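Reviewing the structure listed below.
The values are calculated or read from the model by the stated rules, or taken from the named source; none is laboratory data. None of these values were measured; they are calculated from a predicted model. Glycine also receives a Cβ, built like all others from the backbone with ideal geometry; neighbour counts cover every protein chain displayed. For the accessible areas, the whole protein counts, side chains as well, though only heavy atoms, and no ligand, DNA or RNA atoms are used. Shrake-Rupley method; radii C 1.70, N 1.55, O 1.52, S 1.80 Å.
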Amino acid sequence: MLSSQMERNVISIKPDSALLPRAPRTIEETGLPFLFLVNLVAKILFLRGQVRLADLAEHLKLSVSLLDPLTLFMRSEKLCEVTRRGGSGTDADLTYHLTDLGRIRASEFLNGNAYSGPAPVTLAAYCAQVEAQSVMQMGIMRADVANIFENVVANPIVLEQLGAAMNSRSAMFVHGPAGSGKSFLTKRLAGLLKGNISVPHAIMVDGEVIQIYDPVVHHPVEGAAIQVGAFDKRMVLDTRWMRCKRPTVLTGGELTLGMLDLQADPATRSYQAPPHLKANNGLFIIDDLGRQRCSVPELMNRWIVPMDARVDYLSLHTGYKFLVPFDVIVVFSSNFPPEQLADDAFLRRLGNKVHVGPLTESQYERLFRQVCEQYGIARCDHAFHYLLHEHHYKEGRPLLACYPRDILAQVRNLARYEGRIASLNERVLDWAWNNFFIGA
């Protein structure tokens, strides 16, 4: 449930949108220390030189009226000066630059913390916002799965399991042989994410800045950017937050335990959020589980508390430990069965175990036809029958989802090499099969 403070600071725009934060009207309502904001302004002026007040407000994502006490203080302390006015003669055309003393102070600030981006939001505001737009509020239905997987050849039971698991607070474990299509199916789950969320550029914790917004992960909603005039006294929405689609974060064999902690950025001397924090209100996929640069038991032990309590604990370099929300749908994907990777205690927390196995003959044929069409290869029922009975069944190769693309890619490549239109016959299929399986 939202706190009364959160209720006062958010506004609902439309039914399918999460609550949007209201813009702060005073320094106190930002939740940020006055001197922190002074330092932030000084660093921006140091790096950008002369800056119009309107541009400074846009950079900080704060209103000009809120900047007034900051610039007045800096002028009184001889840290900055007004250099000129524009043609209108209004405050909108004021241009600021640092004095010599201001440059000395700003250099000191940059040596301590070089972050000079938009003003952060407080940890409390971030936690309340994540709760307000929880991924668990989406409600995935059968029609949603049918729409997203419309042209995907897969076992209907598997799709039903995946769709139902998206409504669960438990993580899902998708397993099966290599090449069965696990990664493809789990990545496709991102299409089931509904609605938009608000993501802060950064949050402030115990005087330190943690950058949350990541353009690789967070995709602003086109046409939904919050555009409010910097001098509009009726400004309602807090532009320190970006309106984005629900995120999907994918990690694989490169994942280490250290990546799940705050990452100190040596360039800005601030922190980058770990991947699961960036994935809040969305989907977090750990692909190819068992191939990571840390052991599976270590990784599983790291996830026990977050998956149970829906919160995680992070630490600053000072030793300060704090709680953050863990509002993500976690998907583990692995070639190994779950009992080979985790103990009973962890398996109980994997409430959704989905096995992706070989396709049926009819499903395999449908996929084979799809790939033929994509590659411009004329279909041939006799060739497909030959492939099944003379290769798959004789050699005991299961009908895995990866094989049509793998084999037909060989057919296409050979046709290009021979300067002819790709077609199917026994000779070509024998060559493609042997080249892929035996030649390797």
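Annotations
- Residues within the stretch 327-354 that are open to solvent by 10 Å² or more (accessible area, probe 1.4 Å) and hydroxyl-bearing (Ser, Thr, Tyr), tallied: 0
- Sole residue being over 19 Å from Met204 (Cα atoms), at pLDDT below 90 and of a type outside the set (A, V, I, L, M, F, W, C), chosen from Arg52, Arg75, Arg48, Arg8: Arg8
- Of all residues in the stretch 199-220, those being open to solvent by 30 Å² or more (accessible area, probe 1.4 Å) and not in a loop (DSSP other than H, G, I, E, B) number 3.
- Some residue of the stretch 56-71 being out of contact with any strand residue (DSSP E or B) (no Cβ under 6 Å at 6 or more places or on another chain), of a type in the set (Val, Ile, Thr) and either without any contact (Cβ under 8 Å) to a residue 40 or more places away in the chain or surrounded by fewer than 21 Cβ atoms within 10 Å (Cβ to Cβ) (or both): yes
- Within the stretch 421-434, residues that are surrounded by fewer than 14 Cβ atoms within 10 Å (Cβ to Cβ) and among the hydrophobic types (A, V, I, L, M, F, W, C) sit with their Cβ atoms under 7 Å from residues that are modelled with pLDDT under 95 and in a helix (DSSP H, G or I), at 6+ positions apart or across chains, in these pairs: Ile421/Ala415.
- Every test in (1) open to solvent by 10 Å² or more (accessible area, probe 1.4 Å); (2) more than 28 Å from Asp206 (Cβ to Cβ); (3) among the hydrophobic types (A, V, I, L, M, F, W, C) is passed by Ile27 save one, and that test is (2).
- Looking across the stretch 248-295 at every residue that is of a type in the set (Ser, Thr, Tyr) and farther than 19 Å from Leu323 by Cα, the one that is least open to solvent (accessible area, probe 1.4 Å) is identified as Thr251.
- Number of positions in the stretch 296-309 that are of a type outside the set (A, V, I, L, M) and either closer than 16 Å to Asn352 by Cβ or open to solvent by less than 20 Å² (accessible area, probe 1.4 Å) (or both): 3
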